[in-house]
Amino acid sequence: MDENINQFFNSIPNPSYVWQKTKKGFILIDYNNAALKVTNGKIKDLLYEKASVIHKDRPDIIEAINKCFFEKKSISEKLEYLVKTTGEKVYISLKIYHLPPDLIVVHKKDITQWKLAEEKLKNSEEKYKLLFEKSPIPIAITDFKGFIIDCNKASEQQFGYHKKDLYGKSYLDLGIYSPDLIPIFKERLSQLAFGNSIKPVEFEITKKDGTKSWITNHMSLVNVGGGNLDTIFY
């Protein structure tokens, strides 16, 4: 690498490695300052070593490097990784590029904190999903037109419908409410759409089997699917 390219390479904030394709396989021929720092200088001991030796227990990384070289296209991977030079287990993002005729550049980014935050969010979502499903109170989530997005088990018991029969349908068209109540519900949805608070109201409903029941209807706004506001009623 000439001096300008070398300066640019060493200015990259993420650990980066250059592999060269030879008859013996891919050989590590260079690394940048970030790689030197993250390995506490131990990467020096691996210079000119084969990828098959450095990553002997990670065939997925070898496969990604080979795929990038032979298909001549960039590869992106996210994986769990054991840093051999430090013994630390981390999550990394790999960006692999082919530089003709025989070089492969690998940029490695530590995404451990992002991965842990993602797992924490997933666990939180699963917890609240469980609370939603197991709640003894019937809860349904709809859009502002009344079309059902989701509902819990208690809703099935309350209205006598299975979930699969409710998804994508407007609860205003199910026949559970008297026709006289439909304009009232539409007005409540309209008020909710404008951000107005809605007071609980008691209604008589007709279940799927024709039996009658009285419920207290509550409505509020929830944020679902990347910022879309939907209604939730119970």
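Every read-out reported here was derived from the displayed coordinates using simple, explicitly stated rules and does not represent laboratory data. Being a predicted model, the structure only gives us computed values, none of them experimental. Glycine gets a Cβ as well: all are built from the backbone with ideal geometry, and neighbour counts include every protein chain shown.
If you average the sequence gap of Cα pairs under 8 Å that are 6 or more apart and divide by the length of the chain, what percent do you get for the contact order?
12 percent
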FRET efficiency estimate (nearest 0.05) - Cβ-Cβ, Leu221 to Lys78, R0 35 angstrom: 0.50
- prompt: Rounded to the nearest 0.05, what FRET efficiency is calculated for Trp214 and Ala117 with R0 set to 45 Å and r the Cβ-Cβ distance?
  reply: 0.50
statement: Taking the dipole of the stretch 69-166 about the Cα centre (Lys, Arg +1; Asp, Glu -1; charges at Cβ), the one of Phe147, Pro100, Val90 that reaches farthest to the positive side is Pro100
field: Dipole magnitude of the chain, debye to nearest 20 (Cβ charges: Lys/Arg +1, Asp/Glu -1, about Cα centre)
entry: 580 debye
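Per the Cauchy relation, a quarter of the hull surface: what is the mean projected area of the convex hull of the alpha carbons in the chain, in nm²? Show your work: numbers first, answer last.
Values: hull surface 76.7 nm².
Result: a mean projected hull area of 19.2 nm².
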query: What is the distance in Å between the Cα centres of the stretch 125-151 and the stretch 32-111?
result: 44 Å
- prompt: With θ set to phi - 60° and the Karplus curve 6.51 cos²θ - 1.76 cosθ + 1.60, what are the ³J(HN,Hα) couplings of the stretch 128-142 in order, to the nearest whole Hz, using x for Gly and Pro?
  reply: 6, 5, 5, 4, 4, 5, 8, 4, x, 8, x, 10, 10, 10, 10
message: Between Lys129 and Ser197, how high is the FRET efficiency from 1/(1 + (r/R0)^6) when r is the Cβ-Cβ distance and R₀ = 35 Å? Nearest 0.05.
response: 0.85
- prompt: So what is the 222 nm mean residue ellipticity for the chain from helices alone, if each DSSP H run of at least 4 adds -39500 (n - 2.57) and you divide by all residues, rounding to the nearest 500 deg cm²/dmol?
  reply: -9500 deg cm²/dmol
- prompt: With each pseudo-label sitting 7 Å past Cα toward Cβ, what's the Asn66-Asn10 distance in nm, one decimal?
  reply: 3.5 nm
message: Show me, bin by bin at 10 Å from 0, the whole-percent P(r) of the stretch 135-233 based on Cα pairs.
response: 15, 53, 29, 3
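For the stretch 135-233, what does the relative contact order come out to in percent, with C-alpha contacts under 8 Å and a separation of six or more?
Result for the stretch 135-233 is 26 percent.
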query: Given 5 Å bins starting at zero, what is the percent of C-alpha pairs of the stretch 64-185 in each, up to the one with the largest pair distance?
result: 2, 9, 12, 11, 10, 8, 6, 7, 8, 9, 8, 6, 3, 2, 0, 0
- prompt: Taking amide hydrogens as modeled 1.01 Å from N in the peptide plane, which residues meet the under 5 Å criterion relative to Lys169, leaving out close sequence neighbours?
  reply: Ile148
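Kindly state, as a whole number, the per residue volume in cubic angstrom of the convex hull around the alpha carbon atoms of the stretch 3-112. Working shown, then result.
Values: hull volume 11.1 nm³, N = 110.
Given the Cα convex hull of the stretch 3-112, per-residue volume reads 101 Å³.
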statement: Magnitude of the Cβ-charge dipole (Lys and Arg +1, Asp and Glu -1) of the stretch 135-233 about the Cα centre, nearest 20 debye, reported as 100 debye
- request: Using the Karplus curve 6.51 cos²θ - 1.76 cosθ + 1.60 with θ = phi - 60°, work out ³J(HN,Hα) for each residue of the stretch 76-89 in order, rounded to whole Hz, and write x for Gly and Pro.
  value: 10, 9, 10, 7, 7, 9, 9, 6, 4, 6, 10, x, 8, 9
